[in-house]
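Before any comments, here is the structure.
The values are calculated or read from the model by the stated rules, or taken from the named source; none is laboratory data. Please read these numbers as outputs of a predicted model, since none were measured by experiment. Quick reminder, even Gly has a Cβ in these numbers, built from the backbone with ideal geometry, and neighbours come from all protein chains shown. For the accessible areas, the whole protein counts, side chains as well, though only heavy atoms, and no ligand, DNA or RNA atoms are used. Shrake-Rupley method; radii C 1.70, N 1.55, O 1.52, S 1.80 Å.
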Number of protein chains: 4
Amino acid sequence: MQSARLYEYKQPLKIEEVQIPKNLNGEQVLVKVGATGLCHSDLHIINGDLRNIIPINLPITLGHEIAGYVEGIGRYVPEDILEKGDLVVIFSGWGCGVCIYCKRGDEQSCNSVKWPGIMNDGGFSEYIIVPSYRFLIKVDKKYSVPVHELAPLADAGLTPYRAIKKVKDNLGPGKSIGIIGIGGLGSYGIQYAKIFSGGASVIAFGRNEQKLELAKNFGADYTVNIKDKNMESIQREVNSINDNKGIDIILDCVGLEETNSIGINSLAKGGTFLIAGLLGNTIKIPTFSTVVNEFKISGCLWGNYNELREVIELAKKRMIKHHIQKFNLSEINEAINQLKNGSIIGRSVIIP
Amino acid sequence: MQSARLYEYKQPLKIEEVQIPKNLNGEQVLVKVGATGLCHSDLHIINGDLRNIIPINLPITLGHEIAGYVEGIGRYVPEDILEKGDLVVIFSGWGCGVCIYCKRGDEQSCNSVKWPGIMNDGGFSEYIIVPSYRFLIKVDKKYSVPVHELAPLADAGLTPYRAIKKVKDNLGPGKSIGIIGIGGLGSYGIQYAKIFSGGASVIAFGRNEQKLELAKNFGADYTVNIKDKNMESIQREVNSINDNKGIDIILDCVGLEETNSIGINSLAKGGTFLIAGLLGNTIKIPTFSTVVNEFKISGCLWGNYNELREVIELAKKRMIKHHIQKFNLSEINEAINQLKNGSIIGRSVIIP
Amino acid sequence: MQSARLYEYKQPLKIEEVQIPKNLNGEQVLVKVGATGLCHSDLHIINGDLRNIIPINLPITLGHEIAGYVEGIGRYVPEDILEKGDLVVIFSGWGCGVCIYCKRGDEQSCNSVKWPGIMNDGGFSEYIIVPSYRFLIKVDKKYSVPVHELAPLADAGLTPYRAIKKVKDNLGPGKSIGIIGIGGLGSYGIQYAKIFSGGASVIAFGRNEQKLELAKNFGADYTVNIKDKNMESIQREVNSINDNKGIDIILDCVGLEETNSIGINSLAKGGTFLIAGLLGNTIKIPTFSTVVNEFKISGCLWGNYNELREVIELAKKRMIKHHIQKFNLSEINEAINQLKNGSIIGRSVIIP
Amino acid sequence: MQSARLYEYKQPLKIEEVQIPKNLNGEQVLVKVGATGLCHSDLHIINGDLRNIIPINLPITLGHEIAGYVEGIGRYVPEDILEKGDLVVIFSGWGCGVCIYCKRGDEQSCNSVKWPGIMNDGGFSEYIIVPSYRFLIKVDKKYSVPVHELAPLADAGLTPYRAIKKVKDNLGPGKSIGIIGIGGLGSYGIQYAKIFSGGASVIAFGRNEQKLELAKNFGADYTVNIKDKNMESIQREVNSINDNKGIDIILDCVGLEETNSIGINSLAKGGTFLIAGLLGNTIKIPTFSTVVNEFKISGCLWGNYNELREVIELAKKRMIKHHIQKFNLSEINEAINQLKNGSIIGRSVIIP
C-alpha cells in the first residue's frame, strides 16, 4: 500500500510502498482509508516542534483525522458490532482504557495515549490498523455523508466542539461569543458557536477577507478583520458591535501572543478565554483586570469519543457546512505547502 | 381609573372605578398599564383553588403579566434610571430583597414575596403602583416591540424559559426535548426548546390540531396528538420519532396526572421531567424505573429578573413569535370564559 | 470450588462444588474471592422480584460486591498492569465499552450491562472470572485495607457515594442533609454526607436505635427515630433541628412509600430528594408544592468505576468506618435470614 | 467621632475628629463600628497603586472589613428587620441593585459599585453610614461571636471562600488543593480548603515558618516553604507529597509572578489555578502545557452577600479559627507598618 511518511524533520514526506498489515490481534480492526484531513499539527510535527515534548519515532506515517471502511476484524471484536465495508470515523485518542481519564471518557487525555499519525502510523496511507473497535464510530450509509466530510470531523471538527461545549451553558440572549482564526478549526467553531448560541451574537476575527466571508456563510453575525490594526482600533470595532459590554466567550484557534492579547482585551466582565491554538509560547494575562473582572482562561485539547459522536450526529442531520479542498495522496507535499502559506480555505483532505 | 376586580370566588370580575394612587413613597413607581396577559393562574384564583395556600384578600385587582409606561416616580428612585413615558415590563416577584433567595436573584421565590394580581392589586387596571424601580425592566422604544407582546413575557414567556434554562446544558446533538401542552406557556416553551436545542429534536404534545400546527410554526420538529390515545399508542409514536431512545427532557406545562404519566413514560435513560403546570394533585413516579434509569423530576416556578431580562433580549432581537388575542378591559370576563373553554390559541391579553 | 447458587426462587441457596474456570480468553482475569458482601438486592433476586425486569437464568451464583486476589490473567491483558496475588476490587458494571453510557464512564448504565451475581455467575464462590482487566481496581497492599472491608465498597459503599456526589455542590454552611435508612447503604451514606457536608448538618432517619447509634458514631449530627411516629410528629422533630427551614437534601436508602413521604415532606425550598432504595412501587409527589418550591427528585443507581476508585481512596486514607458481620460461605443462608429480619447492623460479608 | 483618614498618598493616616452623620435618608443605617480589619488593599490605596484605576477622592476614611452595632435607622427600612444595638457585619459590595450583576446576587461586581473605605468613607472610624439595610447581615448575639472576629470575615474571610466555592465540586478523594500565601486571606483559605476538601489533601505554600505552622493548625495536611528555593526543588517537594500527580486546585493569595509560576507549574492535568492576590502585573502561562493539560486559570474577586452569609454561618458554628492582632484606632499607622513588613500573623483589626 502507498503511505506518506516522515523520514526527517523539515523535509517533504516520502510516498512509498509499505506492506499491508495482515494478522489482526485481539480487538484490532483494519481500516481502508477513505480520506484523511491535513492539520496544522502535522506542520508542527514535520517542523520538529514537538520532538522534545511528545515521543515520536521516525519514520512515521502522519495523518490523524481519518475516515474509511472496515476491511479486517480481529477475533475478539464482539459479533454484530462491525462488518466489512462499514463506513467508520476513527477516534484518535487511543487511551489505556483504565486510567482516571479514560474511565471518565476522556481517552484523548490518557497519560499513555497513542495518537495515530503521531505516535503510531496514521492515515496518510491506503490502510491503517486501529487497536480496538472501541476507537471506531460507525456511520450508517443511509445518511449519505461523504467520507471526505467525515475525516476532518475527527480533529478540526472536534476540537472547537469540545471547547464550545465547555462554556455553552454561559451563552444565551444578550451574550456574545468570538472565534479568532477562521482556518480548519475556526470554520467549524463558528458553526458550533451559532448552534449553541441560544441567541448570543457570534463574531469572527481573522486576517483574510475570503475566510471572513466563509465565516459569515457559516453563521457569524459579525466579522472583524484584525490585519494591520492596533488594539485600540480592534476594540473600537468590538465595542460598536456589542454596546461596549465586551465579549463573553472567546475561542482562540490560533494561539499567538497577538491573538491571545486581542482575545483577553476584548473579554466582558466574567468572560472566558478559551485557547485551542498552539502557535505561541506564552499567554500573558494582566493580573489586575483578571482578578477584578473574574476572567477565566481555559486550555482546550481535542475532544472525546462521545463528543465526536455528537459532531457526527450534527453531520448526519446536515447541520454542518464544509469547505474542503481535496488532494490525492501523491499531492500531499503540495497540500502541506499551501497550508503553510495560509492559502487553504477551510480544510484540506488527502484521498489515498 | 377602571379596574377589573375579584369580589367573590367563582364569580365574574367586577369592572369598576378605582382612585388612581397619588402619593408615591420611597422607591415606588406608578405605571400606566399598556397590556396585561390573562393566565391560567388567574382562573385558579377566581375559582378559589389557592385560597388556603396563598394569602389572598378580596376584593383584589387581578393580573400579573404587565407591561406599560412610567407615569410617576418616587423620590428615592435614583436619578437617570427612569423617566416619564418609558416603556417597562413589570417583574412580578416582589421580594424582600435580603433573604437568601432574593440575594441570589430569585426574588420570585422569596418567602414573603408579594405578587401583584395575587397578593397586591394587579394589572387588569389602567394604572398600577410598583413598590420599587428594582422590579421594572425598561425596554428601549427603538426596538419597536409592541406593549401587548411584552406583557405575556412576564409569566407565560418567562416560566418555560427558566424551566428550559435549568436543563439546556443537557441538550445537544442526538438529544430530544418534548413540550406537553401548547397553550400560553407551551407556545413559548417550544421556541426556547428550539433556540437552546443545540441540534436536539423538539417534539410538541397536545390535544388540539390547531395548537399543534402553531407549535410547528414556532419550531417543533415533530408533533404528537395525545387526544383519545392510550399510552401504548403514544409511545409507539414517540419511538418512531427517535429510534426508541426515549426523550431526554420533557416539560409538562399542563400538570395533570395524564400528562405527567405521558411525560415520565416517554423519558430516555437519565432523562429529566420538568413540571410547570399545576392542574393536577399528585405526580406518580414508578420507583424501579426511576432508580434504574436515574430519572430526574424537577418543579419549575416562574422565573427571576435576569431571566426576564434575557427573554426580553430575545424579543428585542425578534427571536420570539407571538400568537396573541387582544381583549378590552370591558371584555375581560369573555376572555376568561374562552380561556376556560380552551379556545384561546397562544395568549390572550387585556388592553385597559 | 464451592459456590452458593440459586436454583429456585424463594428457596435457600445451594452450596455445591463447581469446576474452577480454566482457559482465560482475551482480557479475562480469574479472581480468587476474598470476601463478597450480601446485599438487599440479593434478597430481591432470591424472592423473584426482578424476574420479569432483568434477564436472570437459573441456576446462578449470586454476589456482586466482590474483592479478592488475582489468580489467572488472559493473554491480551497488557503487561505490567496485574500480577498474580494482587488485591483487587471488582467493579460490577460490566458494560459494552462503546455505547454512550460506557464512553462517558457510566458502564453500570450500559443497556447491555452484565452484572456478576445477577446476569453472570457472581462472588458467593471461591473463584470468579472477570471479563476484562478494565473492571478491576488494584489496591496496593501497603495500605493494609482488609479484603472484607473492600468488598462492600463495590455496592453498599458505592451507591450512596454516587448519590451524594450528584448533589454535593449544593451542600455547605447553613444547609442540611438527611439519610433515611441506616442499613448497608445508609451506614456509608452518613459518612459521605459528613465528608462532603462543607458545614451542613447531617441527620439520620431510622427505626432502630442501635442503627441510629451507629449513625451517630459514623458522623450524624442528629438522629430521628421514625418508628411508630406520624408525619406531624416527625416534622416537629425536623423543624426543631433546623429552625423550620426543611432539609436541603434527603437520600432515601429504603424507598418505601412511607420513607418517600417522610423525605418529600421534610424538604426545604429548592430541596432535592434522592432515591436509591427499591422497596416501594410508586413515589408520590404533591404537584403544587413540588412546583412552587421547585423540588427535585432524582433516582440513583449504583456508581461508576471512577466513583469506586474514589471510595477506595477514602478507604486507603482510613476515612471510612465499617461495621461488618462476617459469615462463612457455608453460613450464607443464615446471613440471608438475618438480613431479611433486619437484624444485620452495617453490612454482612461472606468469606468463601 | 474619631476617623483615620488618608489625605495624601504614601503618607500616614491622619486621625481626626469628624462629625457623626445625623439625618438618615431612606433605607440608610448608621452603624457604630465595633472592629474593622486592616487589609493589603488598604496598603495599595495608601500607596496610590489604584489611583488611576478606581475613582478615589481624597481625603477618605479607609477600612472595608467592618462589623459593629446598629445605631440609627432610616424611615424606609422595613419594620422588624433591625433594631438599635443589633450586631451586624457590613457587606461592602454596595451595588446599584438592578444591573445584571446585582440581580444575580453579585453586587460586589456591579459596574457602579461603591466600596466603603475606597469610594465612600469606611470603617476606620467610630461610626459609618450604610446606604441600605440590604447591605447588613445581622448576627444573633446568642452565638457569642466576638465583633473583632466578625470584621475580617467581610473580606479576608470572604474572598478565599468565594474562590474555593467556585471549584469545590472538583475536590474529593484522591484530589489535592494548595494555598499560596498564608496571610490574611490564606489563613482563612486553608480552613475552607479543609472544610470543602471531601478527602482531598490540603497543602500550604509560604515563606515564613510561623505562618506555615499556623496553616498546619488551621487544617493543612502538608506545608511547603518556598523561601529561597528554586522551582525544581519546590516541584520535588510537591511530587513527593502526592505521587507526582500535580495539584488539582491552587489558590494564589499573593499574585506575584513568582507565586503564579509556582502555582501553574505545580498543576495536575485538568487543574485550576485561582488567583486572588493582586501584587503582580502579569500572569504568564505556558501555551503548550495549558492547552495539552487543559489548565484553567480563574480570577477571584471578593464575594457576594450570600457567600458572606455562609461564612458567618461557619463562624456561628465555631468552624472557623482566627488569629487576630488588635490595635486601637490611635495605633493604626503602627498596624499599617507591621502589615507592610510582613510581621502580622493572621489578620490585624482596628478597634475604634
*Sort out which residues of the range D:202-228 are within 14 Å of chain C (Cβ to nearest Cβ) and open to solvent by 10 Å² or more (accessible area, probe 1.4 Å), and write them in order of number.*
D:Gly219, D:Asp221, D:Tyr222
_Tally, over the range A:237-259, of residues that are buried (at least 21 other Cβ atoms within 10 Å of the Cβ) and within 15 Å of A:Ile182 (Cα to Cα)_ = 7
*If a residue has to be within 10 Å of chain D (Cβ to nearest Cβ) and not aliphatic (A, V, I, L, M) to count, how many in the range C:302-330 make the cut?*
7
_If a residue must be within 10 Å of chain B (Cβ to nearest Cβ) and open to solvent by 20 Å² or more (accessible area, probe 1.4 Å), how many such residues does the range D:104-113 contain?_
2
*Of the conditions (1) modelled with pLDDT under 95; (2) at the interface with chain C (Cβ under 9 Å from one of its Cβ atoms); (3) under 23 Å from C:Ile54 (Cα atoms), B:Leu278 fails just one. Which one is it?*
(3)
*So which helices (runs of 4 or more DSSP H) are wholly in the range A:147-201 and hold at least 2 residues that are open to solvent by 10 Å² or more (accessible area, probe 1.4 Å) and within 13 Å of chain B (Cβ to nearest Cβ)?*
A:159-167, A:184-195
*Give the residue, chosen from A:Ile275, A:Ile241, A:Ile249, A:Ile324, that is farther than 24 Å from A:His44 by Cα and within 22 Å of the chain's Cα centre (by Cα).*
A:Ile249
*Filter the range C:42-85 for residues that are open to solvent by 20 Å² or more (accessible area, probe 1.4 Å) and of a type in the set (Asp, Glu); which is nearest to the other protein chains (Cβ to nearest Cβ)?*
C:Asp49
*Would you say A:Ile60 is within 18 Å of the chain's Cα centre (by Cα) and among the β-branched types (Val, Ile, Thr)?*
no
_Selection from the range D:16-33 of residues that are under 19 Å from D:Phe135 (Cα atoms), open to solvent by less than 70 Å² (accessible area, probe 1.4 Å) and at pLDDT below 95_ = D:Pro21, D:Leu24, D:Gly26, D:Glu27
*Enumerated strands (runs of 3 or more DSSP E) restricted to the range A:22-126, each holding at least 2 residues that are within 20 Å of A:Ala151 (Cα to Cα) and among the charged types (D, E, K, R)*: A:65-73
*Being open to solvent by 50 Å² or more (accessible area, probe 1.4 Å) and either among the acidic types (Asp, Glu) or part of a helix (DSSP H, G or I) (or both) is the filter here, so list the residues in the range D:127-146 that pass it.*
D:Asp140, D:Lys141, D:Lys142, D:Tyr143
*Within the range A:291-298, can one find any residue that is touching a residue at least 40 places away in the same chain (Cβ under 8 Å), at the interface with another protein chain (Cβ under 9 Å from one of its Cβ atoms) and in contact with a Ser or Thr (Cβ under 7 Å, 6 or more places away or on another chain)?*
yes
*Report, by residue number, each residue of the range B:90-103 that is within 13 Å of chain D (Cβ to nearest Cβ) and within 21 Å of the chain's Cα centre (by Cα).*
B:Phe91, B:Gly93, B:Trp94, B:Gly95, B:Tyr101, B:Cys102
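Scanning for something under 26 Å from A:Cys110 (Cα atoms), of a type in the set (A, V, I, L, M) and not in a strand (DSSP E or B), does the range D:219-230 turn up at least one residue?
Within the range D:219-230, not a single residue is under 26 Å from A:Cys110 (Cα atoms), of a type in the set (A, V, I, L, M) and not in a strand (DSSP E or B).
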*In the range D:307-322, how many are out of contact with any Phe, Trp or Tyr (no Cβ under 8 Å at 6 or more places or on another chain) and open to solvent by 20 Å² or more (accessible area, probe 1.4 Å)?*
6
*Looking at (1) surrounded by fewer than 22 Cβ atoms within 10 Å (Cβ to Cβ); (2) under 21 Å from D:Lys326 (Cα atoms), which is the one condition that is false for D:Ile90?*
(1)
*Qualifying positions in the range B:273-291 - polar (S, T, N, Q), open to solvent by 10 Å² or more (accessible area, probe 1.4 Å) and within 17 Å of B:Gly246 (Cβ to Cβ)*: B:Ser289
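Condition test on A:Ser112, is it at pLDDT below 95 and of a type in the set (Ser, Thr, Tyr)?
yes
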*Give D:Gly270, D:Gly303, D:Gly263, D:Gly346 a once-over and let me know the one that is surrounded by 18 or more Cβ atoms within 10 Å (Cβ to Cβ), within 27 Å of B:Ile100 (Cβ to Cβ) and not hydrophobic (A, V, I, L, M, F, W, C).*
D:Gly303
*asked:* Looking only at the range D:1-15, filter to residues that are closer than 22 Å to D:His148 by Cβ and part of a loop (DSSP other than H, G, I, E, B); which one of those is modelled with the lowest pLDDT?
replied: D:Met1
